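Q: Below is a structure I'd like to ask you about.
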Amino acid sequence: MKTSMIILSTVAATVVGGIAIGAIGTYAFVNSGFYDVSATTPDSSLVYWTTHQTMEHSIARRFGANVVPAGYDTAADIAKGGQIYLENCAVCHGRPEMAQTAISQGLNPTPPDLFRADREPDPQENFQFIKHGIKMTGMPAFAPTQTDDDIWTLVAFLNVLPGISATDFTKAVGSPTAALAVPPVANGG
């Protein structure tokens, strides 16, 4: 009995000691400034893998809450989504056959290429990304500024982007310079 108590106490002390050492080491690392958080410094493969896996599993866990509405992808909805894209998304995600903006070039991680021909849009995933954003990526949450209906029109527009030509993109959204217009600043803000 006494021997088992000594063993149990030793195991408990080892576990508590290991946790304390891990916590102190983590605290020291976080406060050391050793890890470079600059956007110009690429992430290590371990950091990239960890953050990407965390994001993928987090999004997948929340898919059930994003029910794709029937008929969300009418021509009118796609056109409206195109205007929302120009106003809010083109500065980072760009337009086909055009150079990246200075803002886009400075983002780390780089915004995904929504025009890549082999991209397979997932409406639930895109809704989650757009509505709630993604921490530490530069992807903002649009829930505070867009309705769910508006977000679904944007999702419908994203569905037609893979492989789209610059000409077809311009037809879908209107003038490609519209994204360069600066929205007016609200008074008193």
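The values are calculated or read from the model by the stated rules, or taken from the named source; none is laboratory data. Being a predicted model, the structure only gives us computed values, none of them experimental. Because the Cβ atoms are built from the backbone with ideal geometry, glycine has one as well, and the counts that use them run over all protein chains shown. Accessible surface areas use protein heavy atoms only, side chains included; no ligands, DNA or RNA. Shrake-Rupley method; radii C 1.70, N 1.55, O 1.52, S 1.80 Å.
Q: How large is the helix-only mean residue ellipticity at 222 nm for the chain, computed as the sum of -39500 (n - 2.57) over DSSP H runs with n ≥ 4, divided by its residue count, in deg cm²/dmol to the nearest 500? Before the final figure, lay out each step's value.
A: Numbers: 8 runs with 100 residues, N = 189.
Helix-only estimate at 222 nm: -16500 deg cm²/dmol.
Q: Output ³J(HN,Hα) for the stretch 68-75: one whole-Hz value per residue in order, computed from phi by the Karplus curve 6.51 cos²θ - 1.76 cosθ + 1.60 with θ = phi - 60°, and x for Gly and Pro.
A: Here the 3J(HN,Hα) series is 5, x, 5, x, 6, 10, 6, 4 Hz.
Q: Shifting gears a bit: What residues have an amide H closer than 5 Å to that of Met139, excluding those fewer than 5 places away on the same chain, when H is modeled at 1.01 Å from N in the peptide plane?
A: Those qualifying (amide H under 5 Å, at least 5 residues apart or on another chain) are Ile134.
Q: Then there's this: Heavy-atom accessible area per residue, the stretch 1-75, 1.4 Å probe: how many Å²?
A: Working: 6170 Å² over 75 residues.
Ligands and nucleic acids excluded, the result is 82 Å² per residue.
Q: Give me the one-decimal nm value for the distance between modelled label points at Asp148 and Ser44, 7 Å along each residue's Cα-to-Cβ direction.
A: My value for the distance between the label points is 4.2 nm.
Q: OK, next. Which whole-Hz couplings ³J(HN,Hα) result when phi for each residue of the stretch 98-106 is put into the Karplus expression 6.51 cos²θ - 1.76 cosθ + 1.60, θ = phi - 60°, listed in order with x for Gly and Pro?
A: 10, 5, 5, 6, 4, 5, 4, 5, x
Q: Let me ask something else about it. What translational D, rounded to a whole number of µm²/s, comes out for the chain from Stokes-Einstein when the hydrodynamic radius is the Kirkwood one over Cα pairs, at 25 °C and 0.890 mPa s? If you can, show how the numbers build up before the last one.
A: Details: Rh = 19.9 Å.
For these conditions, the coefficient is 123 µm²/s.
Q: Evaluate the distance, in nm, between pseudo-label points positioned 7 Å from the Cα of Thr3 and of Ser165 along their respective Cα→Cβ axes.
A: 8.4
Q: Under 18 Å from a point 7 Å along the Cα-to-Cβ line of Val30: which residues of the stretch 123-143 have their amide N that close?
A: Zone members listed by number: 135-136.
Q: Next question, about the same structure. Ignoring ligands, DNA and RNA, what percent of the 1.4 Å accessible area of the stretch 21-162 is carbon and sulfur? Before the final figure, lay out the partial values.
A: On the way: 5420 of 8930 Å².
Percent of accessible area from carbon and sulfur atoms in the stretch 21-162: 61.
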